[in-house]
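Chemist: Below: one structure in structure tokens.
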Amino acid sequence: MELQVNGRKVYAATGGKEFDAKLPTVLFIHGSGLDHRSWALQTRWFAYNGYSVLAPDFPGHSLSEGDALTSIEAQGQWLVDFLDAANVNRVHAVGHSQGFLCALELAKNAAGKVASLSGIGTAAAIPVNPALIETALESSSKAADLMLQWGFGQNAQMGISAVPGMQPIAIGRQIMVSNPLAVDLQACANYESGETVAESLNIPTQLVLAGQDRMTPLKAGKAMAKTMNAEVTVIDNYGHMLPIEAPKRCLQSLRDFIGSIEHSE
Amino acid sequence: MAKSSYLKPDTIALHSGYVPESDHGSRAVPVYQTTSYVFESVSDASSLFNVEQGGHIYSRITNPTVAVLEQRIAALEGGSGAICTASGMSALFTTFITLCSAGDHIVSSAQIYGSTATLLKHTIKRLGIECSFVPINDEKALREAIQDNTKMVFCESIGNPGLEIADIPNIAKVAHEFGIPVVVDATFATPALCRPIEHGADIIVHSVTKWIGGHGVAVGGVIVDGGQLDWSASGRFPELTEPYAPFHGIKFWEEFGPSALAMKIRAESMRDVGATLSPHNAFLILQGIETLSLRMKQHVANAHTMVEWLQAQEEVTWVNHPEMESSPSHHLAPVLFPEGAGSMLCFGVVGGRAGGAAFINALQLASNLANVGDSRTLVLHPGSTTHSRLTPEDMIAAGISEDMIRVSVGIEDIKDIKADFQRGFKAASRIAGEG
């Protein structure tokens, strides 16, 4: 669906079903250089199984207008504005990588709106090699290639796909080269408040971490889980791009965790 | 450029799409000879049917063995996904009907395979889809042929049998100005020699029956989605951008982006038309694809030798190969086919049509048959066979003459191929002498 946020057109995927604010809402927040399409294999299930889904493209990404936001703090505040624009008061926030840092900022700014937090392939800090940012500024294609070689685990590198006939690396690459990757990476690199914000929150949290994650290593993810007293699911044999690489297992973790919170209330 | 893998092509051809399965550790890709797949639960079945997750439902739609081949070819071509079909022709038909509806229009190269020409000129016309044929490298003609309802530009990377190289970068430049995709039948080249997506093409079609299989034992086809085109930009493709009723109003472009076309083909055409590649044929094609680049190197080397040798034979009246300077598109070969422009060649022999027939009948090693791309050398007289349904005018437009002999140069020892052809030349000479 399309809506106006701060005077600019914003697109949010709704999982193939019309958004209904009366249902429990799951907010999917994409990672660096990605957009709503990285959640294609999670959003439809939620939309067709009792939830409403919002998977927005951040400004300047995919189908959303505007300039890309240059800090995680700004992206977190934008999510607050986005939820206000969508007239949503309560969400289960799901973030991949950088998207989870944005979720932390959302929760910091509007704790009352966040029923739960789910982080996928993430950590409290996501340092980015300055050379990668420089490369991204010169060529998003080259930077995407570097990231995807690191980001996808061994199975995806061998052409294994959760969706028969598809090539996740090519799909990820096409998405990345069309988005402002350099700005996102710079925002990640500059963000230093992750641990402090994580410590300050008292929201049910789970982290779904990848055994072969070379971008947000498992150790860093587990450290944040300890800080947040979060439930942890480790998916072995996959890399950083879990929502695309291991969509079914990601979905299962999200279903179980979000479902348990909904049913406990 | 849509890279699908960071492995090198020779490694992709052997490994991509499969790692040894956990139950038995089978090193080779197993043949999943099954029609259907047990669902974990009713809700699991429901979510598969509603495209909420990937997986297998029924082998008309997907099959694990076929999927390995699809993913391997997608990786070799640099595409976002691939759909295998029962034949190269069904791959073309599926592509056409996925993107075109009644009232739509296609611009096609005039120099294409005879059955494809028939499909475009007659069969899909009955469905209300019109086609204009143009000299594909004539930019003015191409521009003038594109209409408001045009949905694609179609060509073969190397035309059959005229062997004209399509100027893919320029064709793509023109087509993309109008927001329409370029569909390339790249059968004659295979991804070992040319990857059209890297040159701007959007959709690649192969008859995998030919060089990709190489053994001549299994018929099959494939469609590769390049994943690069913005299907919404031109407003010409409501099939992909507007709600699709059979799947609760799914919008393929919004939901799947770079794999929108492949997902649509899977969801619609494989379901409704069902031109499915059998798992056993997929397994056979996989055996061939493992050695694709090695075979193509030898095909090209033998073709180069034959071109040179044929030009020196007094019974040969003319020779055509895409890399020959006499070919109007030869300048494109180093750009698009740096490893060689395939192993198809054509020539004429003394004695005209009868001489050509005598040549073919005298051969003992090369096979006279309606196929190309076997590891074995194959010959054919197109005017009597594959292109016999064309009018004389269409034959000329397709680059065919009555005396043309089409050769798919195999990977036998070159000396044996030459010796066999010498038998044919003697027979043709006798006919010419009688004339």
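The values are calculated or read from the model by the stated rules, or taken from the named source; none is laboratory data. Because the structure is predicted, anything quoted here is derived from the model rather than measured. Here the Cβ is made from the backbone with ideal geometry for all residues, glycine too, and neighbour counts use every protein chain on show. Please note that ligands, DNA and RNA were not included when accessible areas were found on the heavy atoms of the full protein model with its side chains. Shrake-Rupley method; radii C 1.70, N 1.55, O 1.52, S 1.80 Å.
Chemist: Against the globular-protein guess of 2.2 N^0.38 Å, express the Cα radius of gyration of the stretch B:292-434 as a ratio, rounded to two decimals.
Modeler: 1.01
Chemist: Over chain A, what lengths in whole Å, largest first, do the semi-axes of the equivalent ellipsoid take, defined as the square roots of 5 times the eigenvalues of the alpha-carbon gyration tensor?
Modeler: Ellipsoid half-lengths, sorted descending, are 24, 21, 19 Å.
Chemist: Mind listing the long-range amide H neighbours of A:V26? Cut-off is under 5 Å, sequence gap 5 or more, other chains count too, H placed in the peptide plane at 1.01 Å from N.
Modeler: Distant-sequence amide H within range of A:V26: A:S52, A:V53, A:L54, A:H92.
Chemist: How large is the accessible surface of B:R376 in square angstrom, using a 1.4 angstrom probe and rounding to the nearest 10?
Modeler: 110 Å²
Chemist: Treat each spin label as a single point 7 Å out from the Cα along the C-beta direction, and report the A:D81 to B:E177 distance in nm.
Modeler: 4.0 nm
Chemist: Of B:A262, B:H387, B:A428, whose Cα points farthest to the positive end of the dipole of chain B (charges on the beta-carbon: +1 Lys, Arg; -1 Asp, Glu; origin at the Cα centre)?
Modeler: It is B:A428.
Chemist: Another question, if that's okay. Say R0 is 30 Å: what FRET efficiency, to the nearest 0.05, do B:R60 and A:N49 get from their beta-carbon distance? Intermediate results must be reported in sequence, preceding the final value.
Modeler: Values: r = 27 Å, r/R0 = 0.89.
Here the calculated transfer efficiency is 0.65.
Chemist: With a 1.4 Å probe and all protein chains kept in place, how much accessible area does A:D35 have, in Å² rounded to the nearest 10?
Modeler: The value for A:D35 is about 0 Å².
Chemist: While we're here: Enumerate the residues in the stretch B:269-304 having an amide nitrogen under 12 Å from the point lying 7 Å beyond the Cα of B:S26 toward its Cβ.
Modeler: Under 12 Å, as judged by backbone N against the label point of B:S26, lie B:279-280, B:283-284 of the stretch B:269-304.
Chemist: Still on this model: With a sphere of radius 12 Å drawn around the Cβ of A:K226, what net charge do the other residues whose Cβ falls strictly inside it have (Lys, Arg +1; Asp, Glu -1)? Don't skip to the end; give the middle numbers.
Modeler: Values: positive: A:K219, A:K222; negative: A:E195, A:E199, A:E231.
Charge balance in the 12 Å sphere: -1.
Chemist: Report the relative contact order of the stretch A:2-264, percent, no decimals, based on alpha-carbon pairs under 8 angstrom and at least 6 residues apart.
Modeler: Contact order relative to length: 21 percent.
Chemist: For the stretch B:165-171, take each phi angle, set θ = phi - 60°, evaluate the Karplus expression 6.51 cos²θ - 1.76 cosθ + 1.60, and give the result in whole Hz per residue in order, putting x for glycine and proline.
Modeler: 7, 7, 7, 4, x, 6, 4
Chemist: Under a point-charge model restricted to the Cβ atoms of Lys and Arg (+1) and Asp and Glu (-1), what is the dipole moment magnitude of chain B relative to its Cα centre, in debye to the nearest 20?
Modeler: The dipole magnitude comes to about 720 debye.
Chemist: Considering the zone a paramagnetic label at B:N371 would reach in this model (a point 7 Å from Cα along the Cα-to-Cβ line), which residues of the stretch B:207-244 have amide N under 18 Å from it?
Modeler: Within reach of a label on B:N371, which here means backbone N under 18 Å from a point 7 Å along Cα→Cβ, the stretch B:207-244 contributes B:207-222.
Chemist: Determine, from the Cβ-Cβ distance of B:T305 and A:L137 and an R0 of 45 Å, the FRET efficiency 1/(1 + (r/R0)^6), rounded to the nearest 0.05.
Modeler: Plugging the Cβ-Cβ distance into 1/(1 + (r/R0)^6) gives 0.35.
Chemist: Using a 1.4 Å probe and counting only protein heavy atoms, how much accessible surface gets buried when A and B come together, both sides summed, in Å² to the nearest 100? If you can, show how the numbers build up before the last one.
Modeler: Working: alone 11200 and 17550 Å², together 25440 Å².
Chain pair A/B: roughly 3300 Å² of buried accessible area.
Chemist: In the stretch B:9-289, what is the count of Lys pairs whose alpha carbons are under 21 Å apart, counting only pairs at least 8 residues apart or on separate chains?
Modeler: Close lysine pairs found across the stretch B:9-289: 8.
Chemist: Moving on. Please report the base-10 log of the normalised intensity I(q)/I(0) for chain B, using a Debye sum with one equal scatterer per alpha carbon and no solvent, at each q in 0.11, 0.13 (1/Å).
Modeler: For chain B at q = 0.11, 0.13 Å⁻¹, log10 I(q)/I(0) is -0.83, -1.13.
Chemist: As an exercise, use a Förster radius of 30 Å and the Cβ-Cβ distance of B:R143 and B:T391 to find the FRET efficiency, rounded to the nearest 0.05.
Modeler: 0.70
Chemist: Something else: What shape does the stretch A:1-66 have by the C-alpha gyration tensor, where a ≥ b ≥ c are the square roots of the eigenvalues, rounded means a/c under 1.5, and otherwise prolate means a/b greater than b/c and oblate the rest?
Modeler: It is oblate, given that a/c is not under 1.5 and a/b is not larger than b/c.
Chemist: Rounded to the nearest 5, what % of the DSSP beta bridges within the protein assembly as shown are antiparallel ones?
Modeler: Counting only bridges with both partners in the protein assembly as shown, antiparallel ones make up about 45 percent.
Chemist: While we're looking at this one, here's another question. B:S80's amide H: which non-local residues (gap 5+, or another chain) put their own amide H closer than 5 Å, with H modeled 1.01 Å from N in plane and none for Pro or chain starts?
Modeler: B:D225, B:G226, B:G227
Chemist: Next up: Name the residue from B:T187, B:S47, B:V174 whose Cα lies farthest towards the positive end of the charge dipole of the stretch B:9-289, charges +1 on Cβ of Lys and Arg and -1 on Cβ of Asp and Glu.
Modeler: Of B:T187, B:S47, B:V174, it is B:T187.
Chemist: Moving to a separate point now. Around A:G153, what is the net charge, scoring Lys/Arg as +1 and Asp/Glu as -1 over all other residues with Cβ under 11 Å from its Cβ?
Modeler: -2
Chemist: Which of rounded, prolate or oblate describes the protein assembly as shown when judged by the alpha-carbon gyration tensor and an a/c cut-off of 1.5?
Modeler: prolate
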